[in-house]
Amino acid sequence: MSGQAYQNILVGIDGSEQATQAFQKAVEVARRNNGKVYVANVIQQNVPVLMGYSSLNQNIVDQETNTAKLMIEECKEYGKSVDFTNIEGIIAYGSAKSAMAQQLPEKYAIDLVMVGQSGLNAVERFMTGSVASFVIREAPCDVLVVTYEEKNEKA
């Protein structure tokens, strides 16, 4: 049986421990296949602003963009720490579902999307719908859901 060699692996990061674990596993898969990891943070622009002032929007987007840059930098630093540097950061704007399931896989010829299990609670999942389940249904390539392993906090 010839194993599928995944060359272009997309993983979404949102600052959650689940996403971080998915990214770290993506690095190992890419390393085995001499592939590349595309690490994406999607900034949703349709988020209602609590205060109702639309003038805050650009500031919020700028803040989120800076946060995204920092998260991508941290991913690249992790890559260096494990001798893997073939990591490209992507900041996308719009819907996380359509970016992760359709736009980014097409644009970057992705052959594997890796998603962390949602860190949302049941109510939030009901409200937003799980991005992971949407990606599984809609992605044009294989999707791997990374099971979240809680780290033992005891020293």
*What aspartates and glutamates sit close enough to Lys36 to cross-link, taking a C-alpha to C-alpha distance under 12 Å and skipping anything fewer than 8 places away on the same chain?*
Glu28, Glu88, Asp111
*Starting from the Cα of Lys97, draw a straight line to each of the aspartates and glutamates and keep only those under 12 Å, dropping any in the same chain fewer than 8 residues away.*
Glu138
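Here, each number is a calculation from the coordinates, and none is a lab measurement. Computed from a predicted model, the values in this text were never measured in an experiment.
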